[in-house]
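Quick one: the structure is below, and I'll ask about it shortly.
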Amino acid sequence: MEINVLDIKGQETGRKVTLNESVFGIEPNDHVLYLDVKQYLGNQRQGTAKAKERSEHTGSTRKLIRQKGGGGARRGDINSPVLVGGGRVFGPKPRDYRTKLNKKTKELARRSALSYKAQENAIVILEDFTFEAPKTKDFVNITKNLKVDGRKVLLVLPEVNKNVYLSARNLQRSEVMIASTINAYKVLNADVLVMTENALKIIDGMLTK
């Protein structure tokens, strides 16, 4: 699959790139994508939710009513879960939600996500560029020139570019990341994947089979 390389004004440069079939043209594996996205979202969780159990509440331990003869259920002190203000049964505890996936599974997930974007014609190849200074207006103009404004845009760069990153940071529907850290969740979550030429080369080098 060939794609025209565009400049930041949205004009064709006269160059074309060919998307690697082993990276952008495979049959996507939905189950692997599910596993990878589940892992990514789980790894973002803090896992600090906590509810007090019966033994952790401050309250009298006096038995409120006698054990038998009252016509109601047995219960002990005021911290009982059946009473308002009592402890919680099986409440959340601090835990680690992180999981592990093997390297080949994660690579397949990334290739599957990229293949979906290729099938949807939602990939734009941009010639390498930089900003002299951070300026959100310049980044917005690029999205307008590429006709992707108003959509979720993921811009993939070959390396860290602070000026470009800062220019997009305040835009709710735009995100910038480097090619070596690309993941299936970010690709699937974007409406349009915009990659520079060198970023494409890095992704090809990482994922080509």
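Computed from the coordinates by the stated procedures, all read-outs in this text should not be read as laboratory data. Worth saying up front: this structure is predicted, and the values here are computed from it rather than measured. For neighbour counting, all protein chains shown are included, and Cβ atoms are generated from backbone atoms with ideal geometry for every residue, glycine included.
Calculate the dipole size of the chain relative to its Cα centre from +1 charges on Lys and Arg beta carbons and -1 charges on Asp and Glu beta carbons; express the result in debye to the nearest 20. Walk me through the numbers on the way to the answer.
Working: 37 positive and 23 negative charges, 421 e Å.
In debye, rounded to 20, the chain gives about 2020.
Distance from the Cα centre of region 24-83 to that of region 151-178, in angstrom?
That distance is 39 Å.
Here's something else I'd like to know. Check I178: other-chain or 5+ apart residues with amide H under 5 Å from its amide H, H built from backbone geometry?
Result for I178 returns L157.
What number, rounded to the nearest 500 deg cm²/dmol, is the helix-based mean residue ellipticity at 222 nm of the chain, given -39500 (n - 2.57) per DSSP H run of at least four residues and division by all its residues? Don't skip to the answer; put the middle values down first.
Details: 7 runs with 70 residues, N = 209.
Dividing the helical sum by the residues of the chain leaves -10000 deg cm²/dmol.
Further question on the same structure: Taking amide hydrogens as modeled 1.01 Å from N in the peptide plane, which residues meet the under 5 Å criterion relative to T196, leaving out close sequence neighbours?
The answer is L126, V156.
Could you give the angle, 0 to 90 degrees to the nearest 10, between helix 103-119's Cα long axis and the longest principal axis of the Cα atoms of the chain?
Orientation of helix 103-119: about 60 degrees from the principal axis.
Under 30 Å from the Cα of K135, which lysines turn up, not counting those fewer than eight places away in the same chain?
Within the straight-line cut-off, K135 pairs with K9, K16, K117, K144, K147, K152, K162, K186, K201.
For R98 and D149 in the same chain, what is the full-extension length gain: residue separation times 0.36 nm, less their Cα-Cα distance, in nm? It would help to have the intermediate numbers written out before the result.
Numbers: separation 51, 0.36 × 51 = 18.36 nm, distance 3.46 nm.
Extending this stretch completely gives an extra 14.9 nm.
Going 7 Å from the Cα of L83 in the Cα-to-Cβ direction, what parts of region 26-60 have a backbone nitrogen less than 19 Å from that spot?
52-60
Just to be sure I understand the model, the point goes 7 Å from the Cα along the line to the Cβ. What's the resulting L171 to T130 distance in nm?
2.0
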